[in-house]
Structures are given as structure tokens and as C-alpha cells.
Amino acid sequence: MAEQGRWFKLWVTAPSDPDLGSLSLEDFGRWCILGTYIKTHGTDGKVEVPIPCPPLQNLLRVCDSEQLVNVLKKMPNCDVHEKQNSVTDASVTLSVEWRNWSKYQRDNSLERVRKFRKVKRSKKRREESKSKKRKESSEAELTEPTQLHESPPTKLVELAFQSERLTITVEQDAKLAGVYPHVDRQQAYREAELWLVAKDTTRKNHFAFARNWLAKIPSPGAKKSRAEEQTARNVEAAQRFRARVDGVDG
């Protein structure tokens, strides 16, 4: 069965081919026409040419069968064999075979397209499978009952003092009581709160602020500084002087 192809490949290296280069321009044209004839009427580069063959003779611009045979035998890369009639011993047909036909003329694009489509289908199926799995996973998450994770109960912190700008826990108050037992801490906390309000400020570390505040309150048995002792003596002297002045006036 003929290939019934629509094309005949003429490679760009044909003009530089040494065998084709030895042909005349007329024979080179015949070589190209012969290729199209084999493509149309032959199979895998082989064609049977009956003798005489007016259609091929007209295509190759030859006058008779003898000239046709000579032209075909002149074509490079073509093997021409005459098949003799066993009864009359006359030439009946010519078997023309174009060497390396499958290498230069076979259409390999179909196989490449098949491989490309196979890879593309495989890739598409993988993507569809992944998309389906993601969709099923998403639907499963939506259908599953929502599990409420109960947070652990928050430990309640007992407060010894709480105001807008100062908060002291019971634990912190106990630590301050161990260091400053002489201080009325509740009163000190209120005074510290008033100071913060008056200054319109806050403190990040309430415990450190309260500790510094309590540290400024002197204990009853604490030794007075020299300035404090001098101030006390001056006050006593002023009181005695005032008493004497009042006695004289009386």
C-alpha cells in the first residue's frame, strides 16, 4: 500500500552532497520528482514501475522506456532491479528502492506527538489526582465536628492592693513585709498611687516601684543622719529661746 504522504523532505544538505552534486540541474530536478513519486506510489522507499510507464516518463521528461531506465539507474542512492518475465524473457517491471528512506523520509513527528501527549496526559492525571485529594481533605475538615480545646484553668492571683496605676499581689506584699515590717504598707501603697496620679505616670514593674517607695520610709529605731540631728538640735534651741522670751514678757 502506498504511503500517500503529502510531503517529500528535501534536506538542506542536498546541494552539498557529493553524489547529488555530480548531477546536472535537470537530473537533480528528476531526482526530486522521483522522490515525490515514490512517496506517493511506493511503500517504505520502494516502488514497482511497470514498463512502459507513461505517467513517470512524463514526470521525468523522458521520451521512452529505455531512457526512463537509464535515468533511474543514474539516480544516486537508488537501486534499480529489472524483473524479467520467465516466459518471454522480456522486462516487465522495474523495482526501484531508495536507500536509507526511513532515515531521511519517514515521518517521525507522529511518534513524538504521541510521546508528548502521553507525558502531558500523565502530568494532567497527577495534577487532577492531587487536586482531588486536596478537595477531599478540605471537605473532610469541614464535615468533621469541631473539637473545642479547653484551655487549662487560669490560676487566680490574690491581690493585696489594687488600684488604677498600682497592683501588688499577696505574695509580693509578703516579701515586702519581711523586709519593711515597720511600714504601714497599705498606707504607703495609697501614697504611691497618689504620687503616680499627680505625676500622671505609670510604672511597668509595680513590685520594684513599691519596694523603692517603701525603702525611703525610715524605721522608728533608725539612726538619724547628721543633718537630721542638727535640724533637731536647732528646733530644740529655737523652742528654748521662745520659752525664755515668753517668760520675760510674762
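Bear in mind these aren't lab numbers, they're just calculated from the coordinates by the rules spelled out. Remember, it's a predicted structure, so these values are computed and weren't measured experimentally. Heads up, the Cβs are rebuilt from the backbone with ideal geometry, glycines too, and the neighbour counts pull from every protein chain shown.
Dipole orientation for segment 159-245: of the candidates V183, L196, A160, V183 has the Cα lying most toward the positive pole (charges on Cβ; Lys, Arg +1; Asp, Glu -1).
Of all lysines in the structure, those lying under 19 Å Cα to Cα from K120, and not within fewer than 8 positions of it along the same chain, are K130, K132. Shape class for segment 3-66, computed from the alpha carbon gyration tensor (a ≥ b ≥ c): oblate, with a/c not under 1.5 and a/b at or below b/c. Report the far tail of the P(r) of segment 159-245, meaning the percent of Cα-Cα pairs longer than 20 Å. The answer is 48 percent, as a whole percent. Approximating the spin labels as points 7 Å out from Cα along Cα→Cβ, the R126-to-H182 distance works out to 8.4 nm. Highest-first packing order for the peptide set 35-42, 56-63, 19-26 is 35-42, 56-63, 19-26, based on the mean count of other beta carbon atoms within 10 Å.
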